[in-house]
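Worksheet: one structure, shown below.
The values are calculated or read from the model by the stated rules, or taken from the named source; none is laboratory data. All values derive from a computational prediction rather than experimental measurement. Cβ coordinates were reconstructed from backbone atoms using ideal geometry, including for glycine residues, and neighbour counts include every protein chain displayed. We work out accessible area using only protein heavy atoms, side chains counted, and drop any ligands, DNA or RNA first. Shrake-Rupley method; radii C 1.70, N 1.55, O 1.52, S 1.80 Å.
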Amino acid sequence: MSSLLDLLLPPVCALCRRAGPLLCAACLGGLPLIVAPLCATCGMPTAVEVPDCRECRGRRLGFARARAAVAYRGAGRELVHALKEGGLRALAVQAASVVALAVPRPEADALSWVPAVRWRELRRGYHPPELLGRALAARWGLPAAPLLATAPFRRSQRGLDPAARRANVRGAFRARPCGRMRVVLVDDVHTTGATLTACARALRSAGAGRVEAVTLARAVRP
Ligand SMILES: [Zn+2]
Ligand SMILES: [Zn+2]
């Protein structure tokens, strides 16, 4: 449906609404790309390259490391919202290009994504992390594998503080058996890392040898 609308409506930039490509050169150039130096573990931008940082030190993260393409602010935040709320499937392909530009392809056997909270997916009719994941899998030449599902009765993370988020997502995901596969786990935004950790733990419990999280955007310290 939305891809049909994409064809019928005059093409405009998803961010600035000017006529032209779905993501115009000016908006693309204005994205707050995340660049080194980074925390080697969680991908937070840091003053110098560090093995871990204030955010992730001492935390039991489920993933071996996390990387993101853009900071979750300004045009980076707008891009995520356009992808989430805009119903623009083609934008996921553009977003995947941005990720491939900023994040080196991980050494992996398969790519999966954070699954939808069922009621929200039903309401929206499409799931941006899956669209982004599939586009990125194609780009990176990795098999796209829907390895994860949500357990029933998971409530929304919206409005919860970090501790409540971690409690809410604990045990919220189930994974299919993954052998000893190295899995790239994709989501749209890395905020506290609670959802990524819960998904990565489910994958590890299902046998995955290594999980690397890759997101379009990441919350960064101001
Ligand atoms: Zn634009
Ligand atoms: Zn860190």
For region 138-182, give me each residue that is part of a strand (DSSP E or B) and of a type in the set (A, V, I, L, M). Ala144, Leu148, Ala149, Ala175
Would it be correct to say that Ala47 is closer than 20 Å to Thr197 by Cα, within 16 Å of ligand 2 (Cβ to nearest atom), more than 16 Å from the chain's Cα centre (by Cα) and without any contact (Cβ under 8 Å) to a residue 40 or more places away in the chain? no
Residue selected from region 57-86 under the condition without any contact (Cβ under 8 Å) to a residue 60 or more places away in the chain and more than 16 Å from ligand 1 (Cβ to nearest atom), by the criterion surrounded by the most Cβ atoms within 10 Å (Cβ to Cβ): Arg57
Which of the residues spanning region 30-56 are open to solvent by 20 Å² or more (accessible area, probe 1.4 Å), over 14 Å from Ala102 (Cβ atoms) and in contact with a strand residue (DSSP E or B) (Cβ under 9 Å, 6 or more places away or on another chain)? Pro37, Ala40, Thr41, Thr46, Glu49, Val50, Pro51, Asp52, Arg54, Glu55
Look through Ala102, Ala108, Ala90, Ala95 and report the one residue that is at pLDDT 95 or above, more than 19 Å from Leu203 (Cβ to Cβ) and open to solvent by 10 Å² or more (accessible area, probe 1.4 Å). Ala102
Inspect all residues belonging to region 136-145 and state whether any of them is closer than 17 Å to Val70 by Cα and in contact (Cβ under 8 Å) with a residue 24 or more places away in the chain. yes
Specify which of the listed residues (Gly159, Gly179, Gly133) is farther than 18 Å from Leu61 by Cβ, more than 18 Å from the chain's Cα centre (by Cα) and either hydroxyl-bearing (Ser, Thr, Tyr) or at pLDDT 85 or above (or both). Gly179
